[in-house]
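Participant: Dropping a structure here in structure tokens format, bear with me for questions.
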Amino acid sequence: MTVATKAKIKLSPDEYLESEKSSLIKREYKEGDIYEMVGASDSHVTIAGNLFYLIKNFLKQSNNKNCRVYISDMKVKVASINAFFYPDIIVTCEEKDRQSTYFKEYPQLIIEVLSESTERYDRGDKFASYRQIESLQEYILISQDKMQVECFRKNSDNLWVLHPYDNQDNLVEFPCLNFSFSLTDLYENVILDG
């Protein structure tokens with residue numbers, strides 16, 4: 001998704017969550033400010049759909065009943081900074097997240113498909129916000145223009161370390177799920193620029 005504009009009104013978190021139930025436009029929320037979202041490209045949607053499918057099948061085949069994968073319409077709450085975001089994909093394995101219908105608070109994996117209008121934000125302020133989530137173990141940025149996946153993993157010292165994958169690599173790995181997949185499967189039916 002692409003962030004469009006900041007709305008002119010300020011809402012409390014409860015007002016925001018209630019208004020999202022009937023909103024025709026997806027909106028992210030940070031400290032009272034509302035940010036409207038605009039649509040995504042064919043490549044963006046195809047990549048996110050491919051990866052959702054791969055993760056969903058992996059979780060099903062591994063009989064992992066604890067983890068759930070969500071695509072684009074599920075919010076992530078970052079309580080420490082009073083914010084809600086719509087990542088492209090999240091995975092949560094936390095039992096407490098099953099009690100919340102409209103957002104998840106304890107994801108271990110967050111994935112964003114980059115677009116020209118959001119790349120700077122996804123790498124900067126949004127990643128800084130996501131790093132406030134204690135349960136988060138991996139943050140993934142996926143290019144829609146070339147075969148490139150950047151995995152940021154939190155190490156034992158709580159430092160985020162980049163693990164890049166490009167078309168020279170056979171498999172991309174998400175250790176937090178003990179899951180790997182091919183770039184070919186991720187980019188199936190995607191027309192790349194280069």
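The values are calculated or read from the model by the stated rules, or taken from the named source; none is laboratory data. Everything numeric in this text was worked out from a predicted model, so none of it was measured. Neighbour counts run over all protein chains shown; Cβ positions are idealised from the backbone, glycine included. All accessible areas refer to the heavy atoms of the entire protein, side chains included, with ligands and DNA or RNA removed. Shrake-Rupley method; radii C 1.70, N 1.55, O 1.52, S 1.80 Å.
Participant: When the chain is treated as a GNM, springs tying every alpha-carbon pair under 10 Å, which of ARG68, ARG27, ARG98 comes out with the largest mean-square fluctuation?
Facilitator: Evaluated over the chain, the most mobile residue of the options is ARG98.
Participant: Please report how far the C-alpha centroid of the stretch 62-121 lies from that of the stretch 138-194, rounded to the nearest whole angstrom.
Facilitator: First find each Cα centre; the distance between them is then 17 Å.
Participant: Considering the chain as a Gaussian network with a 10 Å cut-off on Cα pairs, which listed residue, LYS75, LYS60, LYS126, attains the greatest mean-square fluctuation?
Facilitator: Among LYS75, LYS60, LYS126, the largest GNM mean-square fluctuation belongs to LYS60.
Participant: In the full protein assembly as shown, how much of LEU114 is accessible to a 1.4 Å probe, in Å² to the nearest 10?
Facilitator: Accessible surface of LEU114 is approximately 10 Å².
Participant: Roughly speaking, to the nearest percent, how much of the chain's 1.4 Å accessible area is carbon and sulfur?
Facilitator: In the chain, the share of accessible area belonging to carbon and sulfur is 46 percent.
Participant: Here is a follow-up. Once you put a point 7 Å from the Cα of ASP125 and another 7 Å from the Cα of SER100, both along the Cβ direction, what distance in nm separates them?
Facilitator: 2.1
Participant: Where does each of VAL113, VAL161 land when they are ordered by accessible area, with a 1.4 Å probe and the largest first?
Facilitator: Descending order: VAL161, VAL113.
Participant: Taking 4 °C and 1.567 mPa s as the conditions, I'd like the Stokes-Einstein D for the stretch 66-143 in µm²/s, using the Kirkwood hydrodynamic radius from alpha carbon pairs. Show your work: numbers first, answer last.
Facilitator: Details: Rh = 12.4 Å.
Rounded to a whole number, D works out at 104 µm²/s.
Participant: In vacuo Debye scattering of the stretch 1-110, one point per C-alpha: log10 I(q)/I(0) at q = 0.24 Å⁻¹?
Facilitator: Log10 I(q)/I(0), no solvent term: -1.36.
Participant: Also, quick follow-up: Rounded to the nearest 20 debye, what is the charge dipole size of the chain about its Cα centre when +1 sits on each Lys and Arg Cβ and -1 on each Asp and Glu Cβ?
Facilitator: Values: 23 positive and 31 negative charges, 113 e Å.
I would put it at about 540 debye.
Participant: Can you tell me the order of 164-175, 78-89 when each peptide is scored by its average per-residue count of other Cβ atoms within 10 angstrom, highest first?
Facilitator: 78-89, 164-175
Participant: Set Lys and Arg Cβ to +1 and Asp and Glu Cβ to -1, take the dipole of the chain about its Cα centre, and tell me which of GLN61, TYR16, LEU51 lies farthest positive.
Facilitator: Of the options given, the answer is TYR16.
Participant: Taking a Cβ-Cβ separation under 4.7 Å as the criterion for a possible partner, which cysteines of the chain have none?
Facilitator: So, CYS151, CYS176.
Participant: For PHE179, enumerate residues with amide H under 5 Å from its amide H, sequence gap 5+ or separate chain, H modeled in the peptide plane.
Facilitator: Close amide H contacts, sequence-distant or interchain: PHE174.
Participant: Right, something else. What would the Debye equation give as log₁₀ I(q)/I(0) for the chain at q = 0.16, 0.17 Å⁻¹, counting only Cα atoms as equal point scatterers?
Facilitator: With no solvent term, the Cα-only Debye profile gives -1.05, -1.19.
Participant: Evaluate the relative contact order of the stretch 23-121 (contact order divided by residue number), counting alpha-carbon pairs under 8 angstrom at least 6 apart; express in whole percent. Please report the intermediate quantities before stating the final value.
Facilitator: Working: 139 pairs, mean separation 23.4, N = 99.
Once divided by the residue count of the stretch 23-121, the mean separation gives 24 percent.
Participant: Further question on the same structure: Averaged per residue, what accessible area in Å² does the stretch 53-194 show with a 1.4 Å probe, protein chains only?
Facilitator: 53
Participant: Based on the mean of other Cβ atoms within 10 Å per residue, sort peptides 90-96, 131-137, 44-50, 105-111 so the most packed one is first.
Facilitator: My ranking of the peptides, most packed first, is 105-111, 44-50, 90-96, 131-137.
Participant: Would you please give the FRET efficiency between GLN132 and SER180, computed as 1/(1 + (r/R0)^6) with r the Cβ-Cβ distance and R0 = 25 Å, to the nearest 0.05?
Facilitator: Computed FRET efficiency for GLN132 and SER180 comes out at 0.35.
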